[in-house]
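Working notes, structure below.
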Amino acid sequence: MKKGITILLFLMLAGLIVLNGCAKPEEKPTEEKKLQVVAVFATPIEEPWDGCIHQALLKAKDTLGIDYKWVESVGYTDFERVLREYADKKPDIIMGDAFGNEEAARRVAKDYPDIAFAFGSGGGPADPNFAVFDDWIHEPAYLCGLIAGKLTKTNVVGVVGGYPVPEVNRIVNAFIQGVKEANKNAKVKVTFIGSWFDPPKAKEAAIAQIEAGADVMFAERYGVIDACKERNIPVFGSLLDQWELAPDQVVTGPLWDMYPTVEYVINQVKNGTFEAIDLKDFCMMAKGGAKLAPYHNWETKLPQEIKDLVEEKKNAILSGVFRVDVNEGVPVSD
């Protein structure tokens, strides 16, 4: 009997021990630390190129849960100093525009190898942490050219660009390619304003082209749309959907969607697999990085045969059957 009681007590004690183990409150999983992302922009984010990067990062803040901070209008004299100030805070990722600040951005990245840098650049990546991207929107620019060639009545189409650098040239040349494929009689006037952001100068250049006979314009730079609104002529925006600037004049435009690039970089850093690579593919039509803006008010104004032509060429590009030329030579006026 005593032996039975002893065993029972032993089992009860064992049960209590197990019970206590099961009753132990579960530890709450620690909240995942948000990725710290910083963007440093030389120009105002109103300028479409930087605006595209900024919009993509704002979207990533909502969809990917990053902590995002940015600084704009840094210019070119203080860029390296400002970039170092942010790098000293040890964020996970720093993004932004380089080009005129190319050497400064690369110097800073080299001094902070534990931070992932991804910058707009015409150069190549640099190990271990400097990835590069660019606006590869020549494909939708070509589609815009097709429309422009069909719309012009004077057979004169105008283009106002920033600088005649490869990144701009390939977009302008693709637009011209589309114009001349759609209209063999069309002539194209090209003006470069020598600035990345000077809306008054871009507007002035556009008005000069309009007065010289251009009745359709491509606004590679910000400011051209204002001139077209005043003169009431069709215009193609660039980089962002700029329809709201002139709803009755903006037909469409080549869009640069930076989100696929931003999403890829963030996921690579999260997974510990970030590499210094050229992110070009994520900025092209095949991966959703380049596209044609909606027609908006022009949806009913554009003849169906023009829309059909654009759709046919777009599908050919996406399927790989047709490739738009990548011509980075300096475009010249006819």
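Structure summary
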| quantity | calculated |
| --- | --- |
| Filtered residues of region 244-255 (kept if open to solvent by 40 Å² or more (accessible area, probe 1.4 Å) and either assigned to a strand (DSSP E or B) or of a type in the set (Asp, Glu) (or both)) | Glu244, Asp248 |
| Selected residue (criterion: farthest from Asn267 (Cα to Cα)) from residues of region 44-83 that are assigned to a helix (DSSP H, G or I) and open to solvent by 30 Å² or more (accessible area, probe 1.4 Å) | Arg81 |
| Test: Asp241 is surrounded by fewer than 22 Cβ atoms within 10 Å (Cβ to Cβ) and not in a helix (DSSP H, G or I) | yes |
| Test result for Phe236, among the aromatic types (Phe, Trp, Tyr), open to solvent by 30 Å² or more (accessible area, probe 1.4 Å) and more than 17 Å from the chain's Cα centre (by Cα) | no |
| Filter result for the condition that a residue is open to solvent by 70 Å² or more (accessible area, probe 1.4 Å), part of a helix (DSSP H, G or I), of a type in the set (S, T, N, Q) and at pLDDT below 90, over Thr6, Thr30 | Thr6 |
| Matching option when the condition is buried (at least 18 other Cβ atoms within 10 Å of the Cβ), farther than 23 Å from Val330 by Cβ, in contact with a helix residue (DSSP H, G or I) (Cβ under 8 Å, 6 or more places away or on another chain) and not charged (D, E, K, R), among Ala126, Ala87 | Ala87 |
| For Ala118: the one exception among (1) open to solvent by 10 Å² or more (accessible area, probe 1.4 Å); (2) under 18 Å from the mean Cα position of the chain (by Cα) | (1) |
| Residue within region 76-98 that is touching an Asp or Glu at 6+ places or on another chain (Cβ under 6 Å) and of a type outside the set (A, V, I, L, M) present | yes |
| Some residue of region 84-101 being part of a strand (DSSP E or B) and at pLDDT below 95 | yes |
| Test for Tyr112: is it of a type in the set (Phe, Trp, Tyr) and in contact (Cβ under 8 Å) with a residue 40 or more places away in the chain | no |
| Residue match in region 300-320 (condition: within 11 Å of Pro140 (Cα to Cα) and not in a helix (DSSP H, G or I)) | no |
| Subset of region 256-291 that is open to solvent by 20 Å² or more (accessible area, probe 1.4 Å) and in a strand (DSSP E or B) - its residue that is nearest to Lys33 (Cα to Cα) | Asp278 |
| Contacts under 7 angstrom Cβ, first residue in region 47-61 being without any contact (Cβ under 8 Å) to a residue 40 or more places away in the chain, partner part of a loop (DSSP other than H, G, I, E, B), 6 or more apart | His54/Ile45 |
| Residue match in region 241-253 (condition: touching a residue at least 60 places away in the same chain (Cβ under 8 Å) and closer than 23 Å to Ser195 by Cα) | yes |
| Filtered residue count, region 216-253, keeping only those that are touching a Gly at 6+ places or on another chain (Cβ under 8 Å) and not polar (S, T, N, Q) | 16 |
| Residue within region 185-202 that is of a type in the set (Gly, Ala, Ser) and farther than 25 Å from Tyr76 by Cα present | yes |
| Filtered residues of region 193-220 (kept if in contact with a strand residue (DSSP E or B) (Cβ under 7 Å, 6 or more places away or on another chain) and at pLDDT below 95) | none |
| Considering residues of region 105-114 that are open to solvent by less than 10 Å² (accessible area, probe 1.4 Å) and in contact with a helix residue (DSSP H, G or I) (Cβ under 7 Å, 6 or more places away or on another chain) only, the residue farthest from Ala174 (Cα to Cα) | Val108 |
| Helices (runs of 4 or more DSSP H) completely within region 138-223 that count 2 or more residues being within 22 Å of Leu245 (Cβ to Cβ) and open to solvent by 40 Å² or more (accessible area, probe 1.4 Å) | 199-211 |
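The values are calculated or read from the model by the stated rules, or taken from the named source; none is laboratory data. Values in this document were obtained by computation on a predicted structure and should not be read as measured data. Backbone-built Cβ (ideal geometry, glycine too); neighbour counts: all protein chains shown. For the accessible areas, the whole protein counts, side chains as well, though only heavy atoms, and no ligand, DNA or RNA atoms are used. Shrake-Rupley method; radii C 1.70, N 1.55, O 1.52, S 1.80 Å.
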